[in-house]
Each structure stands twice: as structure tokens, then as C-alpha cells.
Amino acid sequence: MNTQEILLWLLENGGPTIRLRTVTELMEPNSGLDINRMVENLVESREVKVWLDNLDPKNVNQRTYHGCANICFENSMSKLAQLGMRAGMSALDERTQPLRNWLVNMVNTPIEQWDVFAMTIFASFFAVAGYTDTAINEFLNSRLETLYAFTSMGNYDIYDDTGKYKGVPKAFQGRPIINPHLYVKGNYRYPLIYDVYGLSTMINKGDMAADDKIDTVIKYIMAPEYHGKIVDGYGILASPNGKYHGMGWDAKVPGFFGIGEEVTRKGNLLIQRMELMAHFPFVVRTTWFASALDHLETFRTGKGTYNFPKHYLGEKEGYWVYGMHMGLGENRRAKIANELESTFWMMLIKKLAEML
């Protein structure tokens, strides 16, 4: 099958998510199809209802916006966007409105009082779902300025002398401690994976100055020094009160130094990071992206569709940004489900990379 035939195959055989996203993201506009009806089918689908229940604004607080549980905002919001829910769909708007109001209030407070980590998660995933509220844009632009100022220096020596620190818990010993100057009052100067999702919504919107700054941030991430010098998860944070915390949330890509057996065990994260990084023209031109795409091409079927190993599309409780929720709402008991989801992911990656 050629590309057009594959898209029609997805449209004819896919469930509500694949059908709607194929029409709105992969096919040319003005297809003549009833998109409103597709939206209705999506909102009424079992998968979307489950995740809408998980996104309960009354239960979102400082303990639940971030975490590995399905009810945590970062997982429910990003999963709903993955399923095709977008700004303007009342079922989503109603649940996000109180949380978007919180972001407005936070943006209007003095910068010194900002909860940057929380705001980054909220603003980035709101933007991914298509929300363009002024507060979201203002925060993401502020975040871009912070990231650009740091990454433009090309500094990968982010760690402090561990000998200066006393009382480090045994569980953290042996891991590097990030220089506290890089996260004064929680304003992280280095890029988090959540930042990259925010940046993916800002690129190629007609603002050349912003594009140049985003390019600088992405080039910082897609460098051998970033993947070689910076440990997975960044390292340990040292609080002024003498407590220590694990950092996490680096923006590394699996298989940066080569797609091998270890990477195939992380196939879910590889696909997720490829979809994310395909938004950035610089990354599409890298050896890493070409190698990763070649790897996925090995799962092409005789008819031109794709069928990834099932663990590449795993679906279980855990952090969405770690590729724990790769499902697209298909009935996993159906033999065609894995092929449908694999093919959609591959077509989406190619579309974003302008390869279709």
C-alpha cells in the first residue's frame, strides 16, 4: 500500500482515536468526512471516559499533579491529548478550566513566588492539548527565555563538588549533586522533558526569534555532551534546609549513541521521544533520528503497514513521559489492534518530520 492507501486503511479499521487523529493530523484538510461525528464518538468512547474520570480537578493538588498514578494530572492530561481530546471539546474544557484558572493566578503573582515545576507541567500539557490561554503562552515564553539563557552557554558541567555536602542519604550516595545555582527557588535553568513538550507547541509558529532560541535549546539536548556527561535523571538536588531529593526528568533520547539491544527494551520510550522530537527540524536531520527511523522500518509488514513488538506500545500505570501509556484506545484483544496503533505512530512520526 502507498501512503494514501495506508491512511485510508487506518480510517476504515481504526477506533475513535485513530480515525479522528488520522483525519485531522495525517490527511489533507477538507476530506469531506464528518469530523463532528468523529469527535462525538471519541468523547463517548470507553477509553476517553476512563481518562476523563482520572482528570478530576477537585482531586488535583500539590501531591497529585505530579506522580506515577493514573489520576495524576500529568498522566491524565497528556493521555487525553494522546487519545485526541483537544481544547474546545466541552468535556475537556470543563475539567481543565479550574486548573487553567490556577495557572492564571500563578502567572499573575511575583516571579519569585512561582512554582516553576508545577507551572511547567500544567502549561506544557495544556498547550499540547491545544489551549492558547494568555497565561499559558506567557509562562512558556518566560520558560524559553530561561532555558535559552542557560543552553546558549553550552555548559554541561552542571554538577557541584559532592565533598561540600554532608548527610547525603545512603540511597543517593554515588550520584552527582546538581549545582544549586541552577535551580534557585525551584527555577530550573536546564531543560526538563516537560519543557520540551512545551517547546514542541511553540516551534514553527512564525516567530523566527523564538524558533532560533528553541533551536538552541534542542541542540543543547541533542549533543554528545548532554547524553555523555549528564547522568540519567540529572542527579540529586540539595535543598537549603539540608534535605536531598532525586531530580529526574532529563530530556535524553534512547539510543543516542546507537540503536542496540538495550534500546529495543525501551521501544515504548523510543517511539514517544521520536514523536516528540520530530517536531524540531534540527532533530529530524540528525543521525539519531535516521537510525531510530531505520529501526522502526524493520517492523514494516509486506503490505506496507507496521507491527511493532507489543512492549513498544505498552499500557500500564506509570509516568506518561516515560512511555508507559502508548495505547491509542484500540481493543487490545483484537488481532489488528497492534498493527493499527503501530502504523498510526509511524505515520504520525513521518508526518511531523515532513516525510510523508
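The values are calculated or read from the model by the stated rules, or taken from the named source; none is laboratory data. Note that the structure is predicted; figures quoted are calculated from it, not measured. Methodologically, a virtual Cβ is constructed for each residue, glycine included, from the backbone with ideal geometry; neighbour enumeration extends over all protein chains shown. Please note that ligands, DNA and RNA were not included when accessible areas were found on the heavy atoms of the full protein model with its side chains. Shrake-Rupley method; radii C 1.70, N 1.55, O 1.52, S 1.80 Å.
Kindly indicate which of Ile18, Ile71, Ile6 is of a type in the set (A, V, I, L, M), outside any helix (DSSP H, G or I) and either touching an Asp or Glu at 6+ places or on another chain (Cβ under 8 Å) or closer than 26 Å to Thr305 by Cα (or both). Walk me through how you get there before you give the answer.
On the way: Ile18 fails: outside any helix (DSSP H, G or I); Ile6 fails: outside any helix (DSSP H, G or I).
After ruling out the rest, the residue left standing is Ile71.
From (1) farther than 29 Å from Gln272 by Cβ; (2) at pLDDT 95 or above, pick out the condition that doesn't hold for Gly163.
Going through (1) farther than 29 Å from Gln272 by Cβ; (2) at pLDDT 95 or above one by one, Gly163 breaks only (2).
What helices (runs of 4 or more DSSP H) completely inside the stretch 83-166 contain at least 1 residues that are buried (at least 17 other Cβ atoms within 10 Å of the Cβ) and touching a His at 6+ places or on another chain (Cβ under 7 Å)? Let's see the steps before the verdict.
Working: elements: 90-107, 116-128, 134-151.
So the answer is 116-128.
Which numbered condition in (1) in contact with a His (Cβ under 6 Å, 6 or more places away or on another chain); (2) of a type in the set (Val, Ile, Thr); (3) closer than 30 Å to Tyr65 by Cβ is the only one that Val253 fails?
Of (1) in contact with a His (Cβ under 6 Å, 6 or more places away or on another chain); (2) of a type in the set (Val, Ile, Thr); (3) closer than 30 Å to Tyr65 by Cβ, only one is false for Val253: (1).
Out of the stretch 232-278, which residues are of a type in the set (S, T, N, Q), open to solvent by 30 Å² or more (accessible area, probe 1.4 Å) and closer than 30 Å to Phe299 by Cβ?
In the first step, residues of the stretch 232-278 are kept if they are of a type in the set (S, T, N, Q); the result is 239, 241, 264, 268, 272.
Filter once more, so that each one left must be open to solvent by 30 Å² or more (accessible area, probe 1.4 Å): 239, 241, 264.
Scanning the stretch 232-278 gives a single hit, Thr264.
From Gly323, Gly314, which residue is modelled with pLDDT of 95 or more and at positive phi? Break it down stepwise before answering.
Values: Gly314 fails: at positive phi.
Result: Gly323 is the single residue among Gly323, Gly314 that is modelled with pLDDT of 95 or more and at positive phi.
Answer yes or no: is there a residue in the stretch 28-47 that is in contact with a helix residue (DSSP H, G or I) (Cβ under 9 Å, 6 or more places away or on another chain), under 22 Å from Glu317 (Cβ atoms) and outside the structural domain of Phe344 (by the TED database).
For the stretch 28-47, residues in contact with a helix residue (DSSP H, G or I) (Cβ under 9 Å, 6 or more places away or on another chain), under 22 Å from Glu317 (Cβ atoms) and outside the structural domain of Phe344 (by the TED database): present.
Of the residues Tyr220, Tyr234, only one is part of a helix (DSSP H, G or I), in contact with a Gly (Cβ under 9 Å, 6 or more places away or on another chain) and assigned by the TED database to the domain that holds Tyr190; which? Give the derivation first.
On the way: Tyr234 fails: part of a helix (DSSP H, G or I).
From the options Tyr220, Tyr234, the qualifying one is Tyr220.
What's the total number of residues in the stretch 176-210 that are assigned to a helix (DSSP H, G or I), over 26 Å from Asn241 (Cβ atoms) and open to solvent by 30 Å² or more (accessible area, probe 1.4 Å)?
2
Can you name the number of the only condition in (1) more than 25 Å from Asn75 (Cβ to Cβ); (2) touching a Phe, Trp or Tyr at 6+ places or on another chain (Cβ under 8 Å) that Leu99 fails?
For Leu99, the failing item is (1).
If you go through the stretch 291-346, how many residues are outside any helix (DSSP H, G or I) and surrounded by 19 or more Cβ atoms within 10 Å (Cβ to Cβ)?
Restricting attention to the stretch 291-346, the residues satisfying the condition of being outside any helix (DSSP H, G or I) are 298-309, 314-319, 323-336.
Those still in the list that are surrounded by 19 or more Cβ atoms within 10 Å (Cβ to Cβ) too: 305-306, 308, 319, 323-326, 328-330.
Number of matching residues: 11.
Yes or no, residue by residue, for (1) touching a residue at least 40 places away in the same chain (Cβ under 8 Å); (2) over 12 Å from Thr151 (Cβ atoms):
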residue	(1), (2)
Gly198	yes, yes
Met202	yes, yes
Asp207	no, yes
Asp211	no, yes
Asp215	yes, no
Lys219	yes, no
Asp232	no, yes
Ile236	yes, yes
